[in-house]
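Chemist: Take a look at the following structure, please.
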Amino acid sequence: MSSKKFSRLLALGNAKIVRQRGASHAVFEREKAGRVYRAPVIMAKSELSSVYMKLVLHQLGFSDEELDAILE
């Protein structure tokens with residue numbers, strides 16, 4: 001999955017870009033149950049590894065149920 005598609009997926013889960021310097025990384029933020037989660041995401045890549053995407057999703061506090069709902 002490309003960085004652009006991955007950022008759209010994160011937006012569907014109520015994550016938003018808080019900060020981006022240059023084109024290499026963007027910091028996404030997501031609030032869940034009164035807690036704020038943040039994670040950096042590599043931008044402008046044509047292919048992100050599944051391990052990397054899983055790590056970012058975990059850092060942003062996504063549960064398996066939330067991911068299933070987004071991917072449907």
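The values are calculated or read from the model by the stated rules, or taken from the named source; none is laboratory data. What you are looking at is a predicted structure, and each value in this text was computed from that prediction instead of being measured. No Cβ is skipped: glycine too gets one built from the backbone with ideal geometry, and neighbour counts run over all protein chains shown.
Chemist: Mind listing whichever residues of the range 20-41 are among the hydrophobic types (A, V, I, L, M, F, W, C) and within 15 Å of R8 (Cβ to Cβ)?
Modeler: Filtering the range 20-41 down to residues among the hydrophobic types (A, V, I, L, M, F, W, C) leaves 23, 26-28, 33, 36, 39, 41.
A26, F28, V41 - these are the residues of the range 20-41 that are among the hydrophobic types (A, V, I, L, M, F, W, C) and within 15 Å of R8 (Cβ to Cβ).
Chemist: Checking the conditions here, which among S24, S7, S2 is at negative phi, among the hydroxyl-bearing types (S, T, Y) and in contact with a Ser or Thr (Cβ under 8 Å, 6 or more places away or on another chain)?
Modeler: Working: S24 fails: in contact with a Ser or Thr (Cβ under 8 Å, 6 or more places away or on another chain); S7 fails: in contact with a Ser or Thr (Cβ under 8 Å, 6 or more places away or on another chain).
That would be S2, the only listed residue that is at negative phi, among the hydroxyl-bearing types (S, T, Y) and in contact with a Ser or Thr (Cβ under 8 Å, 6 or more places away or on another chain).
Chemist: Which members of the range 60-71 meet the condition of being modelled with pLDDT under 90, under 16 Å from A11 (Cβ atoms) and either of a type in the set (D, E, K, R) or outside any helix (DSSP H, G or I) (or both)? Write out each step before concluding.
Modeler: Just the residues of the range 60-71 that are modelled with pLDDT under 90, to begin with: 64, 66-71.
With the extra rule that they be under 16 Å from A11 (Cβ atoms), the set shrinks to 66-67, 69-71.
The answer is E66, and nothing else.
Chemist: Filtering the range 29-72 down to residues that are within 21 Å of I17 (Cβ to Cβ) and among the β-branched types (V, I, T), which residue is surrounded by the most Cβ atoms within 10 Å (Cβ to Cβ)?
Modeler: Top of the filtered list is V41.
Condition check ((1) of a type in the set (A, V, I, L, M, F, W, C); (2) outside any helix (DSSP H, G or I); (3) in contact with a strand residue (DSSP E or B) (Cβ under 7 Å, 6 or more places away or on another chain)) across all residues:
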site: S7; (1), (2), (3): no, no, yes
site: A11; (1), (2), (3): yes, no, no
site: I17; (1), (2), (3): yes, yes, yes
site: A26; (1), (2), (3): yes, yes, yes
site: E29; (1), (2), (3): no, yes, yes
site: K45; (1), (2), (3): no, yes, no
site: M53; (1), (2), (3): yes, no, no
site: H58; (1), (2), (3): no, no, no
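Chemist: Something else about it: Which residue out of V41, V27, V18, V36 is at pLDDT 90 or above and under 21 Å from L71 (Cβ atoms)? Spell out the reasoning first.
Modeler: On the way: V27 fails: under 21 Å from L71 (Cβ atoms); V18 fails: under 21 Å from L71 (Cβ atoms); V36 fails: under 21 Å from L71 (Cβ atoms).
Every option except V41 fails the conditions.
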